[in-house]
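This report refers to the structure that appears directly beneath it.
The values are calculated or read from the model by the stated rules, or taken from the named source; none is laboratory data. This structure is a prediction, so every number in the text was calculated from the model and none was measured. Methodologically, a virtual Cβ is constructed for each residue, glycine included, from the backbone with ideal geometry; neighbour enumeration extends over all protein chains shown. When the accessible area is computed, the model is the full protein with side chains, heavy atoms only, and any ligands, DNA or RNA have been set aside. Shrake-Rupley method; radii C 1.70, N 1.55, O 1.52, S 1.80 Å.
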Amino acid sequence: MSAWIVLAAGGTEAARTGVWESGATVAGAVVVVLMVAAVTSLLRTPGQDPVLRLFWLLVILAFPVAGAGLWFVLGRRAGHAPGAHPA
């Protein structure tokens, strides 16, 4: 009879909801960490034009996953002169 009480209280449904909430929390934390890493990288990159830096900051904040990915793939390389190596 205790199984009926658990089911009536939404026990199995509550367990499934808890898994989804945990997954959403982890995904949100990953997005925040990715965005913070991209902004930190942006601010620490030397030789960036301030207007370009502001543009990248807005892109990263507006589109956290895509903006951060684009920054790591395209933006970091755009700030360096061709043939120049960071010290």
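What the table below lists for this structure:
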quantity	calculated
Residue satisfying all of: in region 58-68; assigned to a helix (DSSP H, G or I) and free of Cβ contacts under 8 Å to residues at least 24 places away in the same chain; surrounded by the fewest Cβ atoms within 10 Å (Cβ to Cβ) among these	Ala62
Residue pairs meeting the criteria (Cβ under 9 Å; at least 6 apart or on separate chains; first polar (S, T, N, Q) and open to solvent by 50 Å² or more (accessible area, probe 1.4 Å), in region 10-39; second at pLDDT below 95 and part of a helix (DSSP H, G or I))	Thr12/Val6
